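These notes concern the structure reproduced below.
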Amino acid sequence: MWVVPEAEIAGLMTPEAAFEAVEAVFAAMARGDARNFPVVREALGHEDALYGFKGGFDASRLTLGLKAGGYWPNNGTRGLINHQSTVFLFDPDTGRVSAAVGGNLLTALRTAAASAVSIKYLAPQGARVLGMIGAGHQSAFQMRAAVRFGSFEKVIGWNPHPEMLTRLADTATDLGLPFEAVDLPQLGAEADVIISITSAFSPLLLDAHVKGPTHIAAMGTDTKGKQELDPALVARARLFTDEVAQSVSIGEFQHAAGQKTISADDITAIGRVIIGNHPGRGDADITIFDGTGVGLQDLAVAAAVVDLAKEQGKAVEVAI
Ligand code: NAD
């Protein structure tokens with residue numbers, strides 16, 4: 001099997017390669033060539049940790065495997081980041097393990113790639129102002145991918161903890177874009193594209209805040225109970241996601257679906273837009289992409305990085 005250490009990923013994986021891998025696997029899901037397996041997520045009762053698996057099989061690229069990992073809130077005291085994961089790939093012809101790949105940076109890159117794919121297909125024409133809600137670890141990756149694959153001229157941002165906004169300001173400066181800290185009504189009125197990436201458990205962006213045309217990539221909600229958007233905003237938007245079943249169970253759309261103001265039939269898998277099977281934005285004023293994070297995204301970027309690592313002599317071969 002091949003081992004690609006976490007420390008090598010930054011020098012191997014590019015945002016372009018992550019974007020291509022995620023776009024391709026969303027398309028494979030829509031064609032019925034790739035499927036995600038049921039997610040396992042358990043509280044360990046040890047170190048307050050949440051641990052789980054996300055797996056799947058993409059028959060079009062012969063990618064089989066799982067990401068194992070989760071959230072260890074006390075890791076800071078050990079000098080480690082709280083989210084820890086590793087991706088394992090298997091040979092679908094034999095069942096033998098073929099690769100173990102550090103999954104921490106890959107998770108950030110594949111999550112940012114998903115919202116960037118949604119922006120490519122769903123942003124209103126001429127989108128110039130990017131609005132960021134959230135200023136944690138993921139937010140910088142989100143902004144970088146959106147700016148790389150969009151045509152933004154300005155970034156505006158809000159965070160529930162204003163002391164963290166320096167991350168957004170520094171990232172925008174690094175990207176050569178002006179940044180302005182604003183309140184949520186201004187953000188909703190001015191931004192053409194909004195990315196929300198927080199750990200919120202109650203709505204931050206309200207229906208009254210958003211003046212269209214706007215595309216919203218809701219990326220923070222990946223667990224039952226989390227919530228970033230007002231369900232009334234969800235109810236009046238055209239809805240897209242990575243995987244419909246996941247969006248109504250652990251994604252942002254769980255709340256509006258629970259209140260029965262939307263149903264699963266109102267939600268389109270973004271892969272259908274990518275393969276030309278759905279028109280996407282059409283005449284909608286507001287579009288929302290619920291990025292719940294599927295295992296196939298992890299497998300797609302891990303397979304891409306294994307290829308790059310082998311090409312560049314950075315993969316370590318071990319017998320198991
Ligand atoms: P982080 O801990 O670095 O930052 C947390 C962010 O949420 C900050 O903006 C913080 O101000 C805000 N926040 C914290 N507690 C809050 C609360 N109670 N109410 C409102 N806001 C609060 O986290 P991160 O690594 O940047 O991840 C952000 C979110 O994205 C998390 O919920 C994480 O689980 C989620 N995530 C989703 C995916 C996906 O595929 N959809 C992938 C990775 C992470």
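The values are calculated or read from the model by the stated rules, or taken from the named source; none is laboratory data. Bear in mind the structure is a predicted one, so any value in this text is a computation, not a measurement. Glycine gets a Cβ as well: all are built from the backbone with ideal geometry, and neighbour counts include every protein chain shown. The area values use the complete protein model at the heavy-atom level, side chains included, leaving out ligands, DNA and RNA. Shrake-Rupley method; radii C 1.70, N 1.55, O 1.52, S 1.80 Å.
Quick notes on this one:
- Only one of the listed residues (Glu163, Glu153, Glu180) is closer than 22 Å to Ile286 by Cα and free of Cβ contacts under 8 Å to residues at least 60 places away in the same chain. That residue is Glu153.
- Qualifying positions in the range 180-239 - farther than 21 Å from His137 by Cα and hydroxyl-bearing (Ser, Thr, Tyr): Thr214
- Selection count, the range 69-83, where residues are away from the ligand (no atom under 15 Å from the Cβ) and either outside any helix (DSSP H, G or I) or within 18 Å of Ala319 (Cα to Cα) (or both): 1
- Scanning the range 80-103 for residues that are closer than 19 Å to Ala10 by Cα and open to solvent by 30 Å² or more (accessible area, probe 1.4 Å) yields Leu80, Ile81, Asn82, His83, Gln84, Thr86, Phe88.
- Pairs are defined by a Cβ separation below 6 Å, a sequence spacing of at least 6 or placement on different chains, a first member in the range 247-261 that is of a type outside the set (Asp, Glu), and a second member that is away from the ligand (no atom under 13 Å from the Cβ) and open to solvent by 40 Å² or more (accessible area, probe 1.4 Å); the pairs so defined are Val248/Ala264; Gln254/Val248; Ala256/Ala235; Ala257/Val248; Thr261/Ala235.
- Asp290 being more than 20 Å from the chain's Cα centre (by Cα) and charged (D, E, K, R): no
- Among the candidates Thr94, Thr63, residue that is under 29 Å from Val147 (Cβ atoms), polar (S, T, N, Q) and away from the ligand (no atom under 16 Å from the Cβ): Thr63
Here is a yes/no grid of residues against (1) surrounded by fewer than 16 Cβ atoms within 10 Å (Cβ to Cβ); (2) in contact with an Asp or Glu (Cβ under 8 Å, 6 or more places away or on another chain):
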| site | (1), (2) |
| --- | --- |
| Ala264 | yes, no |
| Ile270 | no, yes |
| Gly280 | no, no |
| Ile286 | no, no |
| Val294 | no, yes |
| Ala303 | no, no |
| Val306 | no, no |
| Glu311 | yes, no |
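- Every listed requirement among (1) touching a residue at least 40 places away in the same chain (Cβ under 8 Å); (2) in a strand (DSSP E or B) is met by Thr86 save one, (1).
- Within the range 118-129, none of the residues are part of a helix (DSSP H, G or I), of a type in the set (Ser, Thr, Tyr), over 17 Å from Glu23 (Cα atoms) and within 15 Å of the ligand (Cβ to nearest atom).
- Residue that is least open to solvent (accessible area, probe 1.4 Å) [pool: residues in the range 36-69 that are touching a residue at least 40 places away in the same chain (Cβ under 8 Å) and charged (D, E, K, R)]: Asp58
- Scan the range 196-220 for residues that are in a loop (DSSP other than H, G, I, E, B) and either β-branched (Val, Ile, Thr) or away from the ligand (no atom under 11 Å from the Cβ) (or both) and the total you get is 7.
- Residues in the range 178-195 that are among the acidic types (Asp, Glu) and in a loop (DSSP other than H, G, I, E, B) were compared, and the one that is surrounded by the most Cβ atoms within 10 Å (Cβ to Cβ) is Asp192.
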